[in-house]
Amino acid sequence: MDEKLDLMQGTLDLMVLQTLSVMGTQHGYGIARRIEQVSGDTVLLNQGTIYAALVRLQQRGLIDAEWGTSDNNRKAKFYALTKSGRKQLGKDIAYWTRVTDLMGCVLAMQADGGER
Amino acid sequence: MNASRKGWIRQSLLRMAAFIRRRPLDQDLNDEMAVHLEMAIEENLKRGLNPEDARRQALIRFGNVGQAREYHRAARGLPGMDVLMQDLSYALRTLRREISFTLVAVLILGLGIGANVAVFSVVNTLLLRPLPFPNSKQLVRIHQEAPKGGESSMTYSVDATQAFQNRTRAFDEVTGYFAFSGPDNVKLMGNGQPEPITALSVAGNFFPTLGVEPILGRQFSAEECLKNSRPVALLSHDFWKRKYASDPALIGQAIKLDGIPTTVIGILPETFDFGSVFSPGARVDVYQPAIFANMEDWGNTMALVGRLKPGVSLPQAQAEANTIFPELFFNSKHPEYGHGYTANLYDLKDYVSGKLRESLLLLWCGVGMILLIVCVNLSNLLLARAATRRKEFAIRNALGAGRGRLIRQLLTESLILAVIGALVGLGMAYAAITYLAHQSSISLPLMSSIRLDREALGWTVLVTVLTGLLVGVLPAFKVSGKSLHASLKDSGPGTSEGRSHNRLRGALVITEIALACLLLVGAGLLLRSFLHVLDVDLGFQPSQSAAISVDYDDGGNVVKRGVILQSILARVEQIPGVETAGITDNLPMSINRSWGIQAKGHSYRKGELADTFVYLVTPGYLNAIGMHLVKGRDIQWQDTDKKQAVVIINETVARALWPGQDPIGQIAEAGGSDAQVIGVVADVHETNAETQAGWQMYLSQTAPQYGPVGADLVIRTKLPPTSLGSAVMQVLRQMNPAQPATEFRPIQQLVDHATSPRRFFAILGGIFAALGLILASLGIYGVISYSVTQQTKEIGIRMALGATAGGVQLGVIAKTLRLALVGIAVGTIASLLLSREVASQLFGTSPNDPETFVGMILLLGAVALVAGYVPARRASRIDPMIALRNN
């Protein structure tokens, strides 16, 4: 079995927000599948855990949920980004970019092997 | 910041809503997850998997459904509460399953917590809570420094009262009440027979000073306190309710007091109880304004209370009093009577209950010890139970419950026990408090206002939580700390278990016994003191005499008075069953007054003379009350010489005034008149049984020189006094149709009233000690019995190998005694160290009283022996065959 990435705390929430932002309204299965596809199946994700993230985001008012009908006529719960969810996503992306930039710098320094 | 707080509140509300709407939300999630799986299966089918694989793959990718649900719940609701609810329902299930254990535990806890709540209510009412008056911290009791001499030497004349009122700058108001009113001192005339009620004269500003407002009507006006004013009265709430069915129309109407129409101007609030603050156990029905102008020649009659100006401290007021009071005249119309009062100021609250402080704190400690014993006892029970539950915990641990979860589980159980126990205890406390609040025979202040209030409930919560934690913490750590997996492999009950476990339980039992020992010794000392008090020779014999107050009308003519009293006594003595009868104006251990006595023609230095309790009595009184005439003769009806009265003195006076001489025949100045000493009586404890007798003298009630303040008929009889009541009342009615219908009061009742605080504390101490003893013996029994059960197999083997039943029995008893002896040793040492603390509460008993110590130790040892004997007997009856075949 391939080694899969263990998700850091809070990253799943960001992934969900980003997915919804790109895909628009979507149900839980769709979101989970999309994240798996994008990550090239490298994410260690029990699909079931996505529902905890969804209800958490919903309670924070970042997404809305509503039962509706899917393409192939199935009743499913659909999630959509709210206004404050979109704002939060912008903030989170900015924050995440800064963290990854910083980590990149720090790791690059170590690769140089120079001063310690 | 604000927005984030708003968000936080919003989320908290949502979480709470989610916690409550758990079921529909779970259903919603279930639906959602079902759709999820359907979609996944469909996609897998499209990818060409067969239906079985498609389903399997979908389930694998989804992961654990139960876990997803738990995460969902944790994310949306209150995860802590979820766990708590689980713990609670699990604990309740467990407790229900072991119902007999639960009942015992709840009962023990109920007793411990109930006793604590009840005692707290008493302590709170008497010590902690302020007096039931607004700004009661400003209220001050003022009285003279006079250790002896009773009320007369603590009170002030009306002239001195008014002079101080005018001169003081420290006090906003100074007020007072007439200190010499007896119970049933006024006749209420209405339809039918006159009814005796209790009236009290108070200064016009009495109620405004205390801050007591009538609930109906108004206060006394200034005019109503003047001479020849229209008589008015304020009624106590209780009297108004009892006699007039709370009729508001009574205001403005006249009631007849001693034949005088008196207008009711107001009703006092229910919360005002004069007796509970100023005179424990007394009941007052009506309050009348004290007409100072009529009281100028009455001497010291006013008991003073003042309200300090805001910002004035007690020492400042005391300093002022120290300069003013010595300058005050006894009687401003007669400066030749002299001047010079003293004044001691006390915070009213301290004055009322300060004396009880130590007793109450002691009681509080005692009841705290009971609770400690309860905790130790229950801790022990839980420990035993926890040991048998080790497998259960091991299984739960194996299924994923962490150590913290198991500890929390056990603490939840002990807290639930404590809460149920507290509910039971509250019920018991309520009953006890209600009972106490209605005991007017207990002469403790403020008792009538004891109730279960908010503070007591707060205390209950505190005690309950503490108890729950204290009880649970030891077993919880002990159990969860064990290597739980080893328990799974354990061979089961019947073999000895770890030593440390047994040692811990032994230590707990020793603690219990030591605490019980401490309680027993303390209670024993109190009880012994009480017995000593009962044994005191009071100087009179209360047991077979009874008193009834007599109303007569002599029109102020002393000769007529003599005729009336003589014929009353002659007729009463003819009633079958009455041995002797006599009349006095004041009874011992009730109201008293004091005058002065000295040898005539002798001059004394300051401090040589003492205020002398004075009793105006008829011939026969000394016999009727059972006093002991040491020398000389009783008063006779003929002792009515206008120039020279007669006086009987007590031994204390005889020793002080005529040391080494025969006092009989000596001439004294008694109460301002010459009087010949005709007799000496043994000292009477005039105030209570515990203090030394003061100076006392007995004058003739029919002497023209003196004026009695009422008449109490005292009879001596072997029959129950109530059975003579109607015959005596008939005689009194014939003599005086206006004689109110009163009942005989046994003299013993006066004595009991005076000793009631000590009785109260001795009985409570005894109850607590008994409780401690029972709990400790339960503890011993529990531990020994449990260890016998644990060792059934072992004992079986030993008996199979030849140990005798007697030997086994002896072994168990020896084990019990070892525990008991260590506990008793620790307890005795602690008692010896602590008994000095109770020394001030004792009477005629040394704090190290050897008899008490030995007695209590023997008692404790005997109880321990019995508690150990029962399981020992069981152990000796173990049949080796059965013991070894089982398990």
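Every number here is computed from the coordinates shown, using simple stated rules; none is lab data. Please read these numbers as outputs of a predicted model, since none were measured by experiment. Reconstructed Cβ throughout: ideal geometry from the backbone, glycine too, with neighbour counts over all protein chains shown.
Observations, loosely collected:
- Panel order for A:L102, B:L466, B:L210, by other beta carbons found within 10 Å of each beta carbon, from fewest to most: A:L102, B:L466, B:L210.
- When you filter the GluC sites (Glu not before Pro) in the range A:21-116 for DSSP loop state and at most 11 other Cβ atoms inside 10 Å of their Cβ, you are left with A:E115.
- Count Lys and Arg as plus one, Asp and Glu as minus one, and take only other residues whose Cβ is under 15 Å from that of B:T804; the net charge is then +2.
- Neighbourhood charge, 10 Å Cβ-Cβ cut-off, centred on B:V284 and excluding it, Lys, Arg +1 and Asp, Glu -1: -2
- The ranking of B:W595, A:W67 from fewest to most other beta carbons within 10 Å of each one's beta carbon is A:W67, B:W595.
- Cα→Cβ-extended label distance, 7 Å offset, between B:V870 and A:L107, nm: 7.3 nm
- For trypsin sites (Lys or Arg not before Pro), no site in the range B:365-471 is both called loop by DSSP and has at most 10 other Cβ atoms within 10 Å.
- Pairs with C-alpha atoms separated by more than 22 Å, drawn from the list B:K241/B:K349; B:K560/B:K642; B:K227/B:K333; B:K560/B:K631; B:K227/B:K349, are B:K241/B:K349; B:K560/B:K631; B:K227/B:K349.
- Label sites at B:A249 and A:T100, each approximated as a point 7 angstrom past Cα along Cα to Cβ, lie 9.4 nm apart.
- Estimated inter-spin distance, B:V104 and B:D53, nm [label 7 Å along Cα→Cβ]: 6.5 nm
- The residues neighbouring B:S549, those whose beta-carbon lies less than 12 Å from its own, together hold a net charge of -3 under the Lys/Arg +1, Asp/Glu -1 convention.
- Extension gain (nm, one decimal) between B:A570 and B:N344, 0.36 nm per residue minus Cα-Cα: 76.6 nm
- Sparsely packed loop sites in the range B:601-707 (the GluC sites (Glu not before Pro) outside DSSP H, G, I, E and B with at most 12 other Cβ atoms within 10 Å) comprise B:E608.
- Model label zone, B:E195; criterion: amide N under 12 Å from point 7 Å along Cα-to-beta-carbon; scope the range B:715-747: B:741
- Relative contact order (percent, whole number), chain B, Cα cutoff 8 Å, 6+ residue spacing: 15 percent
- The range B:552-739: antiparallel DSSP beta bridges as a percent of all, rounded to 5: 65 percent
- Top positive-direction residue, dipole computed over chain B with Cβ charges, set B:T155, B:L235, B:V533: B:V533
- Eligible lysines near A:K83 by straight Cα distance, threshold 30 Å, same-chain separation 8 or greater: A:K75, A:K91, B:K6
- DSSP-defined beta bridges in the protein assembly as shown - what % are antiparallel, rounded to 5: 75 percent
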